[in-house]
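In what follows, a single structure is set out as structure tokens and then discussed.
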Amino acid sequence: MDSFDFSEAWSIPQAPTGYKSGFIGIVGRPNVGKSTLMNQLVGQKIAITSPVAQTTRNRLQGILTTPEAQLIFVDTPGIHKPHHQLGEVLVRNARIAIDSVDVILFVVDGSQPAGGGDRFIIDLLSRTENPVILGINKIDQQADDSQQLDRTYEELVAPYQWQIVKFSALAKEGLDQLLQLLVTHLEPGPYYYPPDLVTDQPERFIMGELIREQILLLTREEVPHSVAVTIDRVEEDTTITRVLATIHVERDSQKGILIGKGGTMLKAIGSAAREQMQKLIAGKVYLELFVKVQPKWRQSRFRLSELGYRVEE
């Protein structure tokens, strides 16, 4: 359960003649809907979503296998100006992802006009040799001035002649056209992963992310990003999977918020996360949570590495 061993667990079939495959980097500002989009495309929840910006931390790969192509989506952290060591690691990893994929899907929030953050990313992407597609997301949230909003993005990318596609990840509008456009940019290639796999991440990682998602949803701005989750133990038997996890925070006050009066908040987080885990593994889960204070863990390279945040090579 800790990691995938493809050679032992699965055999990867040979792709038919003319089959396409490749890696697609999903980049954009924080909170433009990148994780929601990847979840919709692969048809399963593997990336957490939250109204709080900067929820994606690790490069998460989602896999979609169709009769004509295998698309491996790399969901990157939102590119922004870093304010601490964790932010620097996340942005550096996103920049590395830009140069290590076959196609880049630059996702923007179509319900808002283009801003300085978008210009910063466009400047970054203008230096890559990889094909870039501008994806205008959240078209379901556009008002009557949709053409005016779109134009703010179209004018910025016009010098680079990037193709543009509009969609709504949440409402599942325009996703077929998006996929068709992505496939046209892929080269003939093999199956990189078994056709029935939807992510390269181990279940433990996704379990930890499901817990972190509920913390973000239930505590909102009170405990924003000073939280990391480690899965300490997973025990499986025929009827139930027992999961023991630790929530790491930076201050005692945050620990108090997470536990709540009489343990009510921790119970609510655990209950909601357990429901999501049961969908993930299609079985019963017993989840036990602990909260531990790790002062200034986001500022420490050692602590970041210990908690799973490493700079990509």
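The values are calculated or read from the model by the stated rules, or taken from the named source; none is laboratory data. What you see is a predicted model; the values in this text were computed from it and never measured. Glycine gets a Cβ as well: all are built from the backbone with ideal geometry, and neighbour counts include every protein chain shown.
A few comments on the model shown:
- Matching residues, region 228-238, being within 15 Å of M277 (Cβ to Cβ), more than 25 Å from the chain's Cα centre (by Cα) and exposed (fewer than 12 other Cβ atoms within 10 Å of the Cβ): E235
- Region 122-154: number of residues that are touching a residue at least 24 places away in the same chain (Cβ under 8 Å), more than 24 Å from A171 (Cβ to Cβ) and either in contact with a Lys or Arg (Cβ under 7 Å, 6 or more places away or on another chain) or part of a helix (DSSP H, G or I) (or both): 3
- Pair list, Cβ < 8 Å and 6+ apart or interchain, from region 264-293 residues that are over 16 Å from V234 (Cα atoms) to residues that are of a type in the set (D, E, K, R) and exposed (fewer than 14 other Cβ atoms within 10 Å of the Cβ): V293/D252
- Among the residues of region 155-193, the ones that are in a loop (DSSP other than H, G, I, E, B), within 24 Å of A15 (Cα to Cα) and in contact with a Lys or Arg (Cβ under 7 Å, 6 or more places away or on another chain) come to 2 in all.
The rows are residues; the columns are (1) of a type in the set (A, V, I, L, M, F, W, C); (2) at pLDDT 95 or above.
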position	(1), (2)
F120	yes, no
L124	yes, no
L134	yes, yes
D140	no, no
A143	yes, no
Q147	no, no
R151	no, no
L156	yes, no
Q161	no, no
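- In region 125-147, residue farthest from V108 (Cα to Cα) [restricted to those that are in contact with a Leu (Cβ under 7 Å, 6 or more places away or on another chain) and hydrophobic (A, V, I, L, M, F, W, C)]: V132
- Across region 181-213, the number of residues qualifying as more than 25 Å from S126 (Cβ to Cβ) and more than 15 Å from the chain's Cα centre (by Cα) comes to 11.
- Number of the condition not met by A158 [criteria: (1) assigned by TED's automatic domain parsing to the domain that holds A114; (2) over 19 Å from N39 (Cβ atoms); (3) surrounded by 13 or more Cβ atoms within 10 Å (Cβ to Cβ)]: (3)
- Leading residue by the ranking (modelled with the highest pLDDT) among those in region 175-232 that are touching a helix residue (DSSP H, G or I) at 6+ places or on another chain (Cβ under 7 Å) and among the small types (G, A, S): A228
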